[in-house]
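*Asks:* Below is the structure I would like to discuss, written out as structure tokens.
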Amino acid sequence: MTAVAAKYQEFQKLGVEILAMSVDSVFVHKIWQEEELSKMIDGGVPYPMLSDAGGKVGEIFGVYDEEAGVDIRGRFIIDPDGVVQAMEVLTPPVGRNVVELFRQVQAFQQVRESKGTEATPSGWKPGESTLKPGPDLVGKVWEVWKP
Amino acid sequence: MGEEIDVSCARPTGGPVGSLPEKKVQDGASILREVKKAMVKVGKKAADFQAPALHGGKFKQIKLSEYLGKWVVLCFYPGDFTFV
């Protein structure tokens with residue numbers, strides 16, 4: 001939560017909105033924000049904290065754990081057309097990697113900007129060369145990219 | 001984004017983001033039956049939903065489809081006051 005909040009300005013520069021969601025009520029969100037989050041991050045978490053009472057939304061996103069009654073750690077990158085471009089789901093004890101999330105958003109934005117003419121190889125970062133899939137590239141990826 | 005509200009419950013709207021509003025009124029159970037089919041997949045439109053939210057110290061109603069035209073990172077997490 002606060003790891004994403006710490007990078008919030010950078011996400012905003014990419015035109016990305018963050019939405020966080022758990023089964024807790026907005027009242028509990030408010031107390032958590034005031035009692036703890038605001039002490040980890042100046043002003044508290046800047047993005048909306050949504051309440052998914054009963055896990056109805058988590059259920060359709062495939063992250064609701066009925067036994068525990070909670071939404072597990074699922075993260076979805078949704079593009080401006082509302083299309084899900086990426087998802088990552090972790091069980092509760094392991095936290096996410098915000099740096100990797102940020103990289104993936106940049107990669108999906110690069111692909112979208114190229115109108116699908118470019119693909120980004122493994123571990124691609126902005127400034128590195130992309131691949132241009134097409135007949136000429138078949139069997140020749142080794143010429144332009146190595147792990 | 002999102003108007004200030006009296007707090008209500010989260011619910012899927014019963015369709016993908018950007019689809020027209022449901023014409024017929026449905027009870028909660030039939031919405032769930034319908035959306036259970038509409039599981040989220042990469043490359044497909046996200047299921048739309050609306051949910052109450054805390055944002056900027058206020059309670060608001062937020063609908064995913066209001067964010068069309070923007071990139072969105074939607075993060076579920078197990079619970080407030082958890083440790084990771």
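Please treat every number below as a calculation from the coordinates, not as lab data. In this text, all values refer to a predicted model and were calculated from it rather than measured experimentally. Methodologically, a virtual Cβ is constructed for each residue, glycine included, from the backbone with ideal geometry; neighbour enumeration extends over all protein chains shown.
*Asks:* For the range A:2-113, max minus min Cα coordinate along each principal axis, in Å, sorted largest first?
*Replies:* The Cα atoms of the range A:2-113 stretch 39, 33, 25 Å along the principal axes, largest first.
*Asks:* Which whole number gives the average, over all residues in A:137-146, of C-beta atoms from other chains lying within 10 Å of the residue C-beta?
*Replies:* On the way: counts 0, 0, 0, 0, 0, 0, 0, 0, 0, 0.
The mean count of partner-chain Cβ atoms within 10 Å per residue comes to 0.
*Asks:* Straight-line reach only, C-alpha to C-alpha below 13 angstrom: list the aspartates and glutamates that B:Lys60 could link to, leaving out same-chain residues fewer than 8 apart.
*Replies:* B:Glu3, B:Glu4, B:Asp6
*Asks:* Additional query: Take A:Glu34, project a point 7 Å from its Cα along the Cβ direction, then tell me which residues of the range B:41-69 have their backbone nitrogen under 18 Å from it.
*Replies:* B:53-60
*Asks:* Moving on to the next point. From the alpha carbon gyration tensor of the protein assembly as shown, can you work out the equivalent ellipsoid semi-axes (sqrt of 5 times each eigenvalue) and give them in Å, largest to smallest? All intermediate terms of the calculation are to be shown ahead of the outcome.
*Replies:* On the way: eigenvalues 201, 97, 50 Å².
Here the semi-axes work out to 32, 22, 16 Å.
*Asks:* Report, for the protein assembly as shown, the % of DSSP beta bridges that are antiparallel, rounded to 5.
*Replies:* Details: 27 of 36 bridges.
Of all bridge pairs located within the protein assembly as shown, approximately 75 percent are antiparallel.
*Asks:* A follow-up question, please. Check cross-link reach from A:Lys115 to the aspartates and glutamates: straight Cα distance under 17 Å, and skip same-chain residues fewer than eight apart.
*Replies:* In chain and number order, the partners are A:Asp79, A:Asp81.
*Asks:* Need the full-extension length gain, B:Val42 to B:Glu4, defined as separation in residues times 0.36 nm minus the C-alpha distance. One decimal, nm. Display every interim value, and only then the final one.
*Replies:* On the way: separation 38, 0.36 × 38 = 13.68 nm, distance 3.16 nm.
Stretched fully, the B:Val42-B:Glu4 segment lengthens by 10.5 nm.
*Asks:* Measuring from label point to label point, each 7 Å out along Cα→Cβ, what is the A:Glu128 to B:Lys58 span in nm?
*Replies:* A separation of 4.3 nm, rounded to one decimal place.
*Asks:* Here is a follow-up. I'd like the mean, over residues of B:61-72, of how many other protein chain beta carbons sit within 10 Å of each residue's own Cβ. It would help to have the intermediate numbers written out before the result.
*Replies:* Values: counts 1, 6, 0, 5, 1, 1, 5, 5, 5, 7, 15, 11.
Partner Cβ neighbours, averaged per residue: 5.
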